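The values are calculated or read from the model by the stated rules, or taken from the named source; none is laboratory data. None of the values given here were measured: they were computed from a predicted structure. Cβ coordinates were reconstructed from backbone atoms using ideal geometry, including for glycine residues, and neighbour counts include every protein chain displayed. With ligands, DNA and RNA removed, areas are computed over all heavy atoms of the protein, side chains included. Shrake-Rupley method; radii C 1.70, N 1.55, O 1.52, S 1.80 Å.
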Amino acid sequence: MPEPLTVLDTLRRPMRDLRVSVTDRCNFRCVYCMPKEVFGRDHAFLPRAEILDFEEIERVVRASVALGVRKVRLTGGEPLVRRGIEKLVAMLRSVDGIEDLTLTTNASLLADRAQVLADAGLDRVTVSLDAVDDATFQSMNDVGFPVARVLDGIAAADAAGLGPVKVNAVIRRGLNEHAIVDLAEHFRGSGTTVRFIEYMDVGHSNGWRLDDVVPAAEIAAAIDARWPIEAVDPSYRGEVARRYRYRDGAGEIGVISSVTQPFCGDCTRARLSADGQVYTCLFATGGHDLRAVLRSGATDAELVEAMRVVWSGRDDRYSELRTLETVNLPKVEMSFIGG
Ligand code: SAM
Ligand code: SF4
Ligand code: SF4
């Protein structure tokens, strides 16, 4: 494999991670992500022709790997609702240079699919789970999906070699604060690390207010009060979760403080939406149209050049600049670019 060019953005950050959203559809309606009032029955999802096919996604991934990407994460919407996703996994597995090929899922369909995904070459999965009690979980996914099937999915992923599974939990004031200690208790000692995420002002359909954010420091304090924890050094530059270990040896937790302690200086992430737009920030108001480049018959070298131009012009640091005005800008939806 040729040595990757390392492309730096205007703040001298390399491109190391690519998040690929494979669909804008989802079988959940999480209240903080795809509220039913906005994503109702008549919501217009992307038509099939506008969505990148697997060959197109593979070409973009290869181009990004040529520019320095080492980690690729499939996301959505819900990536497991995209038909044949394991074929895409197998295609990406054959791209030289990808060190970590992962997928983020709500795990509703994971129990039946974990083995197929592992066989196709997926390295790991991250599961989003915001509570372990049914009443809270169902009020958050808003489609009455039972927590037991998500837990079955996690177990299946571990059994298939896709573990240790990481669990991501978004905490929103007044909705699931009690889930902080419940989730910690449920997964302590199991090998599964729970990462608690501050509720973010992504998109513009979730009616975000700063008062709804439970700060990471408060989350860590709630756990520390029950089972004392201590900080662990980050395992690599750009790790977004602050890590803590239980002093009694029962494993680790993480907290992701994108609102209260932003980490833009180390942000090495590019995002590809299902319709082929590249976003250089989770909070971007617009993307760069790679689908047009792909479908105009561009060569691989031209595709690499198009991505290089996008990344080298990048100056995003939204979380460091967040103000009341920026919160109200028309940003792209989380379910569109996959978190
Ligand atoms: N459907 C998959 C899932 O839920 O894992 C993948 C896509 S989902 C958009 C990716 C992640 O974004 C999930 O962990 C979800 O909890 C998180 N997320 C969505 N809206 C969020 C918000 N407003 N603040 C923080 N995290 C959010
Ligand atoms: Fe779907 Fe994931 Fe958004 Fe929930 S967080 S609505 S599971 S895309
Ligand atoms: Fe990266 Fe944008 Fe988040 Fe900052 S706000 S960490 S630049 S995605």
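What number comes out for accessible area per residue over the chain if the probe is 1.4 Å? Units Å², please.
For the chain, the per-residue accessible area is 43 Å².
Between E37 and Q261, take the C-beta separation as r, use R0 = 35 Å, and let me know the FRET efficiency to the nearest 0.05. All intermediate terms of the calculation are to be shown ahead of the outcome.
On the way: r = 31 Å, r/R0 = 0.90.
So, using R0 = 35 Å, E works out to roughly 0.65.
Along the stretch 312-317, what does the Karplus equation 6.51 cos²θ - 1.76 cosθ + 1.60 (θ = phi - 60°) give for ³J(HN,Hα), rounded to whole Hz, x for Gly and Pro?
Along the stretch 312-317, the couplings run 5, x, 6, 9, 5, 7 Hz.
At what distance in nm do the modelled label points of W227 and H178 sit from each other, each positioned 7 Å from its Cα along Cα→Cβ?
A separation of 2.0 nm, rounded to one decimal place.
List the trypsin sites (Lys or Arg not before Pro) within the stretch 43-117 that fall in a DSSP loop (any state other than H, G, I, E or B) and whose Cβ has at most 16 other Cβ atoms within 10 Å.
Values: sites: R48, R59, R62, R70, K71, R73, R82, R83, K87, R93, R113; in loops: R70, R82, R83.
Filter output for the stretch 43-117: R83.
Which cysteines does the chain leave without a neighbouring Cys Cβ under 4.7 Å?
C26, C264, C267, C281
Would you check the accessible area of D289, probe 1.4 Å, heavy atoms only, in square angstrom rounded to 10?
Here the accessible area works out near 70 Å².
Relative to the compact-globule scaling 2.2 N^0.38 Å, provide the ratio for the alpha-carbon radius of gyration of the stretch 83-212.
Output field value: 1.13.
With θ set to phi - 60° and the Karplus curve 6.51 cos²θ - 1.76 cosθ + 1.60, what are the ³J(HN,Hα) couplings of the stretch 268-285 in order, to the nearest whole Hz, using x for Gly and Pro?
Values, residue by residue: 10, 9, 10, 10, 10, 7, 4, 9, x, 9, 9, 10, 9, 7, 4, 9, 4, 8 Hz.
Evaluate 2.2 N^0.38 Å with N set to the residue count of the stretch 104-166, then give the Cα radius of gyration divided by it.
Numbers: Rg = 11.6 Å, N = 63, 2.2 N^0.38 = 10.6 Å.
So the Cα radius of gyration is 1.09 times the expected 2.2 N^0.38 Å.
Quick check for the chain: number of Lys pairs with alpha-carbon distance under 26 Å, counting only pairs 8 or more apart or on different chains?
5
Ordering D130, D100 from largest to smallest accessible area (1.4 angstrom probe), what's the sequence? Don't jump to the answer; show the numbers that get you there.
On the way: D130 5, D100 25 Å².
I get D100, D130, largest accessible area first.
Antiparallel versus total DSSP beta bridges in the stretch 17-337: what percent is that, nearest 5?
30 percent
Rounded to the nearest 20 Debye, what is the dipole magnitude of the stretch 183-310 about its Cα centre when Lys and Arg each give +1 and Asp and Glu each give -1 at the C-beta? Let's see the in-between values first.
Numbers: 14 positive and 18 negative charges, 34 e Å.
The calculated dipole for the stretch 183-310 is roughly 160 debye.
Quick one: if you take sqrt(5λ) for each eigenvalue of the C-alpha gyration tensor of the stretch 34-88, what semi-axes come out, biggest first, whole angstrom? It would help to have the intermediate numbers written out before the result.
Values: eigenvalues 144, 34, 25 Å².
Its equivalent ellipsoid spans semi-axes of 27, 13, 11 Å.
So, in Å, what gap is there between the alpha-carbon centers of the stretch 1-52 and the stretch 211-227?
29 Å
Working only with C-alpha atoms, what are the Rg and Dmax values of the stretch 166-290, expressed in angstrom?
Over the stretch 166-290's Cα set, Rg and Dmax evaluate to 15.9, 50 Å.
Quick one: what are the phi-derived ³J(HN,Hα) couplings along the stretch 64-69, Karplus 6.51/-1.76/1.60 with θ = phi - 60°, whole Hz, x for glycine and proline?
Taking θ as phi minus 60°, the curve returns 6, 5, 5, 9, x, 5 Hz for the stretch 64-69.
Please list, in chain and number order, the residues 5+ apart from D24 or on another chain whose amide H is under 5 Å from its amide H, with Hs placed from the backbone.
When sequence neighbours closer than 5 places are left aside, the close amide H contacts are L46.
What does the helix-only formula give at 222 nm for the chain: each DSSP H stretch with n ≥ 4 adding -39500 (n - 2.57), the total divided by the residues, and the result rounded to the nearest 500 deg cm²/dmol?
Computed mean residue ellipticity for the chain: -8500 deg cm²/dmol.
When the convex hull of the Cα atoms of the stretch 137-205 is projected onto a plane and the area is averaged over all directions, what value comes out in nm²?
Average projection, Cα convex hull of the stretch 137-205: 5.5 nm².
What span do the alpha-carbon atoms of the stretch 17-337 cover on each of the three principal axes, reported in whole Å from largest to smallest?
58, 47, 44
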